[in-house]
Every structure is written in structure tokens, then in C-alpha cells.
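Read through the structure below, which is laid out as C-alpha cells, and then see the notes.
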Amino acid sequence: MEYVGSEFNEFVNRKLMLLVLTADTISLALNNVFGHLFHLNGIRMSDNEIYYELAVTHFFYIHYFIIMMLVAFCLASLLYRAFHAPLFYRSKYLLIAVIMVVIVVMNVLTFKSAIDISIMGYAVEAICIYYCVFIFTPQRLLQKTLLLVAQDMSVALFVLDIEGKRLYNNKCAEQLLSRDHALADREGTTLEEWCRHQYLYGAGEFNGEQTFYRGIEEVILKIQLQRMVDGNKQLQGGYFVIQDRTEEINKLKEERYQATHDSLTGLYNKEYFCEEAEKYINGHAQEELLILCTDIREFKMINDLFGAKVGDSVLVNCARMLEDQVNGALIYGRIGNDIFGVLMPKAIYDEEHFANEAQKAFASCMDKNAFFPLINYIGVYEITDRTIPVSVMCDRARMAIATIKGDYHKRVAYYDDVLRENIRYEQELISELDDAIREGQLKMYLQPQVSTEGKILGGEALVRWQHPVKGMIAPIAFIPVFEKNGLISDVDKYMWESACKQLRKWKDEGKEDLYISVNISPRDFYLLNIYQVFTELVNKYDIAPQNLKLEITETAVVIDLQRQMELIERLRRIGFVVEMDDFGSGYSSLNMLKDIHVDVLKIDMAFLRKAEDEERSKKILQMIISLSGQLGMPVITEGVETAEQVEILTEMGCDMFQGYYFAKPMEVEKFEELYLEGGKHV
Ligand code: C2E
Ligand code: CA
Ligand code: CA
């Protein structure tokens with residue numbers, strides 16, 4: 001029952017069977033005493049030997065019946081199993097069934113004969129069944145099963161005998177070894193030959209990757225050689241397990257490529273560039289090296305004006321140019337949107353050549369008709385400190401670039417001691433700002449704004465830093481620093497509050513007609529809720545919004561025109577006067593006037609002074625002044641330095657002036673002393 005499986009256990013009552021068999025056994029044993037089943041009659045034969053004859057009673061047939069039923073049951077279950085099992089397993093049952101049938105037949109046939117050979121048969125049967133059940137069938141099954149497993153394995157199995165002849169190969173190996181599309185290495189050795197050679201002459205086991213070719217197609221195989229030894233450590237042969245890893249490795253390579261290269265230009269990406277550069281730097285301790293960064297001027301503009309496609313092609317061209325320049329010998333990559341990084345030995349770097357080639361490459365990727373001066377800046381950091389990360393070296397090269405932006409003639413800049421000193425100075429300013437604000441080192445200076453008649457209308461609030469050690473610092477030295485990192489809004493909030501305090505003081509003194517203009521940095525629009533800050537300020541100090549003029553620049557509004565337009569409208573609606581500062585210095589001034597409604601235009605004479613053709617600039621100035629007149633916007637000109645300028649501007653229709661001609665920015669006390677005590681005229 002165990003052998004044929006659980007199915008039969010269910011519908012055979014084990015207990016009943018056990019009971020019947022036990023009773024039968026006891027009955028057989030008791031036969032010695034009672035002789036109720038059979039007894040043996042001794043018969044003396046003529047040769048004087050005694051033979052025994054089995055004399056059975058009727059009860060014996062009950063025993064016989066039980067035994068036959070048991071045999072029948074065994075047979076039935078074996079046969080049932082044999083015909084329901086897959087072909088593969090049939091012999092497991094059939095073999096025993098056949099042995100049993102033979103024995104039963106023998107038994108039946110010889111039951112009544114003089115000599116019952118079935119007793120001997122039982123012994124043979126027991127041995128046969130034992131052999132089948134425990135030895136033959138399991139081994140055969142194991143063999144068959146192993147063969148099936150080997151045959152269908154997804155790796156190639158290739159077995160060699162002791163002399164290196166092919167003993168077995170599975171399906172997968174067949175494909176690799178088959179003559180039609182045999183794999184061979186560069187020397188033309190086929191895979192099979194290679195394996196045999198490795199087995200016969202190689203050093204013991206082998207485990208590694210090996211490249212073969214099927215025609216021109218590259219196939220990467222992972223090959224493992226194992227030697228087979230028997231119990232006595234005697235060599236029996238060897239087998240190869242071979243795996244085709246081409247796809248996997250190519251995929252890995254592809255993934256690695258994707259992760260380390262920029263998809264647009266195919267150059268290294270930033271991380272990989274830094275990694276490779278670092279390796280090179282560490283490996284060439286004696287060589288003098290440079291880190292170069294290139295940066296395209298106004299790259300965002302190219303995208304905006306000509307579309308991303310042109311922008312992309314510019315980048316691709318730059319990448320090709322770089323490749324040509326460094327001739328594949330060095331490490332380079334795209335480390336930012338429009339920024340390329342190069343690691344170069346100082347010995348081969350030729351500044352002029354490099355800059356010129358870069359310029360040429362640019363010229364070639366733009367449509368000749370769409371004139372846009374593409375300019376490529378180059379920042380150079382000479383590696384003096386090898387311990388700092390490459391990304392920091394790149395930052396330094398880029399810092400050098402930051403110093404030339406705006407200078408039309410300079411293309412290449414070096415990160416040198418001056419720059420390093422500047423950066424240190426900037427860091428110092430940044431760390432000192434908090435204290436400076438708290439200790440009142442920041443001072444509000446006022447520069448008067450004057451009407452055509454010379455009447456003082458108000459003043460522009462300009463910040464000064466009265467530094468305890470460095471002395472007076474002009475805004476030009478620290479405003480750009482704080483604009484870079486956002487601290488500018490702390491400065492501005494402080495200045496706005498100072499202006500409001502001052503207006504409140506004037507209000508209390510009955511001088512309510514004076515205004516103060518404050519500057520709003522473009523960054524403030526993103527860092528602060530401007531509307532809230534200003535409304536809270538005028539409420540806190542209880543002053544009229546009309547007395548606080550807000551100077552904004554074009555840069556602040558162009559980036560998010562719609563939003564800033566709305567903000568300006570809201571500020572104007574509650575009475576703030578909004579002034580467009582530095583008008584004329586941006587890109588789209590005239591266009592902007594169409595969309596943005598401001599109260600006053602502020603023109604800086606400096607822009608006009610720079611122009612070469614004075615007559616032309618005068619005409620432009622004239623045009624702007626009359627245009628703004630027609631739009632109902634007064635014009636204030638700043639940077640006025642001479643009486644002649646005042647005269648001309650007045651003629652042109654300018655309404656207000658600010659400049660050294662009238663007065664330089666001054667301390668508030670001086671401003672009050674000069675203009676508020678006596679008359680309000682200059
Ligand atoms: P801005 O707003 O255009 O201010 C006018 C600048 O021109 C001031 O320089 C002023 O001193 C200078 N100036 C006035 N009249 C003349 C003149 O006749 N000739 C010449 N050559 N220059 C004249 P300042 O005070 O050095 O300020 C420079 C810039 O720093 C300002 O330019 C402004 O953009 C910024 N700034 C100053 N204070 C603040 C502030 O509190 N907040 C913000 N965000 N920026 C400020
Ligand atoms: Ca200003
Ligand atoms: Ca200005």
C-alpha cells in the first residue's frame with residue numbers, strides 16, 4: 001500500500017485487514033496444537049525414505065482464501081497503478097506484478113502435485129521484489145530523470161570522457177557545438193576544440209568568460225570546467241557547463257553606458273566625468289593638469305529664440321568640437337546643461353587655439369541668416385590641490401567664467417589667487433551679514449530726486465555698509481553677492497523698513513509730501529510675498545503708500561510676466577507708485593511697456609553715455625521721453641552729472657532728475673539738514 005501510493009489507503013480498511021491477517025497468523029500458529037488446518041502424513045516409501053503429504057481440512061481453505069485475496073488485492077493495485085502511471089514509471093509497478101503473477105500461477109499449478117515448488121518461488125519472489133523496489137527501479141528512474149534534467153537544462157552541458165572524447169551533450173550544448181553554425185575564437189579554434197584543449201592541457205578547473213564568434217557576431221560565453229573523479233580520486237573525465245551571456249552582458253554594458261553618458265551628445269555625464277578625471281589625476285601625480293569648463297553665453301536665449309532643436313544641435317556640435325580638439329586622448333564630458341568639462345595636461349593646452357576652434361564650431365551650427373553671436377566662455381582651473389573633488393575643481397573653473405560674463409572681449413579666465421581672494425571675501429561678507437543687520441552697520445543713504453524747477457520731491461534709498469573693519473563698502477561690492485545666494489531679501493527688507501520708519505518720522509514732523517524710492521531686487525519676487533510685506537509695512541508705520549516708490553527692474557518681470565503684471569497692478573491699486581528702474585538696459589524694453597503698466601520710467605544716463613554716437617543716443621532718448629509722455633508716464637533721469645544734461649533733458653520733456661550734479665547719496669541726517677530745514681530747493 002505504501003508503494004502504490006495513498007489512493008488505495010482510502011478505500012481499504014487497514015484495521016480490518018490487520019485483524020484478519022493477525023487472526024489468520026494466530027490460527028496458523030495454533031495449528032501446531034490443534035491441527036485444525038492441516039497436518040502432515042508421513043509416508044515411508046520403497047527406498048525407506050519418509051515423505052510428507054499435506055492433508056488439509058476445510059478450515060485450511062479459509063486461510064487459502066485470505067491469502068489469495070491479499071495477493072489479488074496487491075496485484076490489482078499494482079496493475080491499476082501501472083496502467084495509470086506515465087510510461088516512464090510503468091515498470092516500477094509492472095515488474096513486481098509480473099513476478100507475482102508468475103508465482104501465483106506456479107502455486108496454483110503445483111498446489112495438488114506431489115512437489116510444491118512455490119515455497120522456493122516465494123523466496124525468489126521476495127528477492128526479486130526487493131531488488132526491483134530498492135535497487136533497480138530507483139536507479140533506473142534516477143538515471144532517466146537526470147538525463148531528462150540534463151537534456152532540457154538552459155545551460156549547455158558538455159561531458160568528455162577521460163581521453164577528452166565527447167561523451168554526452170545536452171540540447172543546449174548541441175546548438176553551441178553544432179557544425180552548421182559553429183562558434184570559433186579569433187584564431188579559428190572551434191568551441192569543442194577549445195574545450196578539449198582546456199580539459200587536456202589546461203591547469204585543473206576553469207571558470208571564466210570567453211569570447212567566441214559566429215561569423216562576425218560576438219558571443220560571450222561563461223565557461224566552467226569541472227573534473228570528475230571517483231571515490232578513489234581517480235580521474236574519470238570532465239564536464240563543461242557553458243552559458244551564453246551575450247545578451248546579459250550587452251544589456252549590462254548598455255545600462256552602464258546609459259548611466260555614465262549623456263544621451264544627447266554621447267559624452268560622459270557629470271558623475272562619470274568626475275570619476276574618470278579623478279582616476280587620471282590620481283594616476284598622474286607628476287603631470288601638470290588643467291580642468292577646463294566651457295559655458296555658452298546666453299544659451300537659454302538660443303533655446304528661446306530658435307527652439308530646442310537648434311539648442312540641441314549647438315550642444316552636439318560643441319561635443320564634436322571637443323572630441324576633435326582633445327583627440328580622444330583626454331577626459332571630457334558634458335557636466336551641465338550647456339557646460340562641458342575637460343581634463344587636459346597643461347603641456348598641450350593652447351589657449352588661443354582652443355578658444356578659436358570653439359568659436360568656429362559654434363559658427364557652423366547656426367543658421368547663417370539667424371544672426372546670433374554665439375560666444376563660448378572658458379574657465380580654467382590649474383590643479384594645484386589634488387585632494388579636492390573634481391566637481392569642486394569644475395566649480396572653480398566656472399567661478400572664473402563668472403568673472404568674464406558681461407565682458408565682450410574676454411573669452412578665457414583663470415581661477416587664480418585674485419579670484420580665490422574674491423571668493424573668500426564674499427564668503428566673509430555672507431557670514432557677517434546677519435550681525436551687520438542686527439548691529440545697524442547697514443545704513444540707508446538718500447539721493448535727492450529733483451523736479452525741473454529744482455524742487456526736492458524725495459530721494460532714492462541706497463544702501464551702504466559701514467563695516468567696523470573694512471570701512472565703508474559700496475553696494476556694488478556686496479549686492480551681487482547677496483543676489484546670488486538670496487540674502488539680498490534680508491538687505492532689502494531692512495532697507496524698506498528703514499525707509500518706512502523715516503517716512504513715519506517725516507509724517508510726524510508734518511513733512512508728508514516727501515517720498516522715498518526703494519529698490520526691489522529681482523530675486524525678491526521669488527523669495528518674498530512682496531504684496532504682503534509692503535502692505536504690512538505701511539500699516540505698521542501708518543504711512544501713505546503714495547510716499548513709498550517701488551523701483552523694479554525689467555529682469556524681475558520678464559521671467560514670469562503674467563504673474564508680475566498682476567502683482568504690480570495690485571500694488572498700484574492700493575496706491576503704491578511703481579517705477580521701472582534702469583529702463584533701456586534690457587532686451588525688450590519697448591515691448592514691455594505694452595504689457596506692464598508702471599507709473600514712472602527711470603532712465604539711466606550711463607547707458608547713453610556709453611554709446612559712441614551721441615547724436616543717435618540723444619534721438620533715442622528723445623523718443624523714449626516723448627513716448628512715455630504719450631503713455632502718461634513721467635520720466636526720471638538718473639546719473640545726471642552736468643548742467644548741460646539737465647538743460648537738454650528738460651527741453652526733451654524730462655520731468656525729474658537724480659544725479660551727482662544735484663547731490664551724491666548722503667546720510668539721512670545730512671539730507672534732512674540740507675533740504676528739509678531751509679527751503680526744499682537745491
Ligand atoms: P541703481 O538703483 O541704479 O542706483 C543708482 C546708482 O547710481 C547709485 O549707486 C548711485 O549712487 C549712482 N549714481 C547716482 N547719480 C549718479 C551720477 O550722476 N553719476 C554716476 N556715475 N552714478 C550715479 P550705488 O548707490 O552705488 O548703487 C548701485 C546699485 O546697487 C543700485 O543701482 C542698485 O541697483 C543697487 N542697490 C543700492 N541699494 C540697494 C538696495 O537697498 N537694495 C537693492 N536691491 N539694490 C540696491
Ligand atoms: Ca534704483
Ligand atoms: Ca537705476
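Each of the peptides 79-85, 135-141 was scored by the mean count of other Cβ atoms within 10 Å over its residues; in descending order, highest first, they stand as 79-85, 135-141.
Which value in deg cm²/dmol, rounded to the nearest 500, describes the helix-derived mean residue ellipticity at 222 nm for the chain, given -39,500 (n - 2.57) per DSSP H run of n ≥ 4 and division by the residue count?
On the way: 26 runs with 343 residues, N = 682.
-16000 deg cm²/dmol, from helical runs alone.
In order along the stretch 75-80, phi translates into HN-Hα couplings of 4, 4, 5, 5, 5, 4 Hz, rounded to whole numbers, per the Karplus curve 6.51 cos²θ - 1.76 cosθ + 1.60 with θ = phi - 60° and x for Gly and Pro.
From largest accessible area down, sort Met444, Met153; use a 1.4 Å probe on the protein chains.
On the way: Met444 20, Met153 65 Å².
Per-residue accessible area, sorted high to low, gives Met153, Met444.
Solvent-free Debye calculation, one equal scatterer per alpha-carbon of the stretch 114-195: log10 I(q)/I(0) at 0.12 Å⁻¹ equals -0.57.
Here Glu614 sits with roughly 130 square angstrom of accessible surface, probe radius 1.4 Å. Under 5 Å between amide hydrogens, built in the peptide plane, is the criterion, and for Tyr414 it picks out Val380 among residues at least 5 positions away or on other chains.
Amide hydrogen proximity for Glu460: with H placed 1.01 Å from N in the peptide plane, the residues at 5 or more positions away or on another chain lying under 5 Å are Gln447, Gln449, Ser517. Taking the stretch 476-547 as the region of interest, the number of lysine pairs whose Cα atoms are within less than 23 Å, with members eight or more places apart or on different chains, is 10. Peptides 566-575, 330-339 ranked from most to least packed give 330-339, 566-575, packing being the mean of other C-beta atoms within 10 angstrom over each peptide's residues. Taking the charge dipole of the chain about its Cα centre, with +1 at Lys and Arg Cβ atoms and -1 at Asp and Glu Cβ atoms, the residue from Ser617, Gln441, Asn303 reaching farthest to the positive side is Asn303.
Per-residue SASA remark: Cys274, around 20 Å² accessible (1.4 Å probe; ligands, DNA and RNA not included).
Only lysine pairs 8 or more places apart or on separate chains count here, and in the stretch 261-415 those with Cα atoms under 21 Å apart total 14. In the calculated pair-distance distribution of the chain, the portion above 43 angstrom amounts to 60 percent of the Cα-Cα pairs. Here Lys602 is the anchor, and the aspartates and glutamates within straight C-alpha reach of less than 14 Å, apart from those fewer than 8 places off in the same chain, are Glu460, Glu551, Glu554, Glu579, Asp581, Asp582, Glu638, Asp655. Annotation: amide H-H contacts under 5 Å for Ile331 (H modelled 1.01 Å from N, sequence separation of 5 or more, or interchain): Leu343.
Largest accessible area first, the listed residues Phe65, Phe73 line up as Phe65, Phe73 when surface is computed with a 1.4 Å probe on the assembled protein chains.
The angle between the Cα long axis of helix 191-201 and the main principal axis of the chain comes to about 70°, on a 0 to 90 degree scale.
The values are calculated or read from the model by the stated rules, or taken from the named source; none is laboratory data. Keep in mind that this is a model prediction, so the values were computed, not measured. When we count neighbours, we look across all protein chains shown, and the Cβ atoms used for this are built from the backbone with ideal geometry, even at glycine. Protein only, heavy atoms only, side chains kept; ligands, DNA and RNA dropped before computing areas. Shrake-Rupley method; radii C 1.70, N 1.55, O 1.52, S 1.80 Å.
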